[in-house]
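Any read-out appearing in this document is the output of simple, stated calculations on the displayed coordinates, not a laboratory observation. Please read all numbers here as calculations on a predicted model, not as lab measurements. We place every Cβ from the backbone using ideal geometry, glycine too, and count neighbours over all the protein chains shown.
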């Protein structure tokens, strides 16, 4: 099995998802309008009490802060749910009996979701720039590094949740908790510094905070050196969560196969 | 590793454990174990069309899933095309094409037939240069050449099953496993699939493991049959040999004219006649009677014919009755 063959498989996974997705035209329209109206609605929230805190910390307007947070929140949401989407029991069995590696299967099933999320992020940012005067100063290298680390970390978390789902066949508590963490402590709608100390601690031990903080600095003209402490913590979390997530997912898959419950949903 | 046999299982065992409620208390559960596959030793030679029969829950699908590496064995192992299903999974997967009983659910409903097969061709490493040609080839083989670019969701049940069959053939594997490929299909589609499988074996020399509930289906196309019950083989032979196993006495059918009840009684008392029963279901013509005569041996037949001749009883029909494979199936699964 050559690298070229595996890359080609990834391309066909993406192509499959792209074609499937493009047939849901109404859904695409709804998603685009949700993004547009979401951006318009939240942009008006710029006049809140956290304005000052945002301006002091990030040296930007609250509108820019909020818009970047919401835009990149779609990446986190995508990463959290993508592995779950791959565990449709019927397709899973069909792919598992083919000579395809588990990693190829997961990566291949993920790409299209991120391509689409990138489009949504672009819509958010374009609206911000053209309609609300948001000024972006993008550190491209830094942004790509933060994105890579953040997406990988959240795929790791998604693998833990999906692994549990393969065994329990019910809810995925990990992704559900992480969604709450993103909303409340993820530095999306307001900086966690605005929270009471007890809640602030939760923000500091969860990955969404570090991802959002780094990405916001990278889009508002800061240097990589200035975010290094947060970036290092994000990288450390990534290094721990990705292998642990993969191991848990693979173990749960193996256990379900052993028990003969893979196609029970 | 080339091998003489296509499939060989060695003391293959799969035990499922489940927890069931155990009397009072919401949380009280007891573990129940089921030997889904119980120490099976099976050999399927290359080029054989092997039928796997068994009642519901006998372990047919479990065995198929173990052979295609989806279910790991609890003990023992199996060799597929000479490769171990535990230690050499990738080689096993390359040697096999598997059609699951609900195989059509692995397809993507918003893609057309061609795009679905294109995706699976990549997962099975069908060379890119040959992919297009191969997809069109297998679609034609299963009779879907006119529905190539039709959306999968618009396919009928038979077309979906045919596409699943096409996917199984796509990588051109030496061994094919078909788990109940005709279940739920109309008689014509089922027959087309059976004919197709039989021709494929004859023309390409592929080995096929064919599981089915339909006994006569297996009798029609399989060169060898294994009957599975509660995870164990209760019989394993050619269809003819299986029928012969339950054959106790010779059974002949006679349709005769102008026979009286005392004459029937006389036949019953002839040497070597075990029993004579009237067979109303054969529906002889008016004035005729159908008799089923059980003989110890076919050597007693001349004596019966002599008697009919002496008594001037007109013989209008005669046939030797063979037990069906269904009789064998019922008899053998009852015995076990």
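Worth a mention:
- Whole-number percent relative contact order across the stretch B:5-237, with pairs defined as alpha carbons under 8 Å at least 6 apart: 29
- When the alpha-carbon atoms of the protein assembly as shown are used, the pair Rg, Dmax equals 33.6, 122 angstrom.
- Hydrodynamic radius by Kirkwood, which averages 1/r over all alpha carbon pairs of the stretch A:142-230, in angstrom: 14.0
- In the stretch A:141-265, Cα pairs under 8 Å separated by at least six residues give a relative contact order of 41 percent.
- DSSP bridge pairs, the protein assembly as shown: antiparallel proportion in percent, nearest 5: 70
- Alpha-carbon geometry of the stretch A:3-259: the Rg and the Dmax are 19.0, 57 Å, given in that order.
- The stretch B:128-262: C-alpha pair distances exceeding 22 Å, %: 51
- Across the stretch B:246-323, Cα pairs under 8 Å and at least six residues apart give a relative contact order of 48 percent.
- Helix-only mean residue ellipticity at 222 nm for chain A, each DSSP H run of n ≥ 4 adding -39500 (n - 2.57), per residue, nearest 500: -26500 deg cm²/dmol
- Helix-derived mean residue ellipticity, 222 nm - over chain B, DSSP H n ≥ 4, -39500 (n - 2.57), to 500: -10000 deg cm²/dmol
- Inter-chain Cβ neighbour average for residues B:122-134, partner chain, 10 Å: 4
- Of A:66, A:239, A:82, the residue with the greatest mean-square motion in the GNM of chain A, using alpha carbon springs below 10 Å, is A:239.
- Estimated D of chain B in µm² per second, where Rh is the Kirkwood radius over Cα pairs and Stokes-Einstein applies at 10 °C, 1.306 mPa s: 68
- Coordinate range along principal axes, alpha carbons of the stretch B:246-323, Å, largest first: 34, 26, 17
- For the options A:167, A:140, A:231, a Gaussian network treatment of chain A with springs between C-alpha atoms closer than 10 Å singles out A:140 as fluctuating the most.
- Quarter the surface of the alpha carbon convex hull of the stretch A:150-192 and you get the mean projected area, 3.1 square nanometres.
- Here the label points at residue B:146 and residue B:268, each 7 Å from Cα along the C-beta direction, are separated by 6.0 nm in the simple model.
- With neighbours defined as other Cβ atoms within 10 Å of a residue's Cβ, the residues A:237, A:212 order from fewest to most as A:237, A:212.
- Extension gain from residue B:278 to residue B:109, taking 0.36 nm per residue of separation minus the Cα-Cα distance: 55.2 nm
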